[in-house]
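See structure below.
We did not get these values from a lab; they are worked out from the coordinates using the rules stated. What you see is a predicted model; the values in this text were computed from it and never measured. Reconstructed Cβ throughout: ideal geometry from the backbone, glycine too, with neighbour counts over all protein chains shown.
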Ligand SMILES: [Zn+2]
Ligand SMILES: [Zn+2]
C-alpha cells in the first residue's frame, strides 16, 4: 500500500492546478476585504455569523495583491458549490476509488460537506 507512482504534471504545472477548491473559489483579487478575511461568504458576500460559517482553509494566491486569504462560506453556498465538486471528484479520482482516506482533495471536500450538513 505504501507504493506510490510518480505523477507527471503536464506542462510542469504545480500541485495547485489539481486542487479542486482552486477551481471552485472566486479569484481573491476581485473580492472585498471582508471576503478575503473570511468575515463574508467568499461566494455570495453574506456576512457570516458565528457558527454558521464553513471554514474553507487558508489559501495562497498565485498572483496579484492578495497573497494569502481565508475563504469561508455560508451553508447554502458550500452545498451549492462543493457538493457537485465532490460528486465529480469521487467519480474521476482513482485514489478515491481505491481508498478515499489517502486523497487530500477528497478528504478536504468531505470535511467541508460535513460542516455544511450541520
Ligand atoms: Zn454564500
Ligand atoms: Zn480523490
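Tabulated data for the structure shown
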read-out	value
Length released on extending from residue 79 to residue 101, taking residue separation times 0.36 nm less the Cα-Cα span	5.8 nm
Label-point separation in nm, residue 117 to residue 30, each point 7 Å along Cα→Cβ	3.2
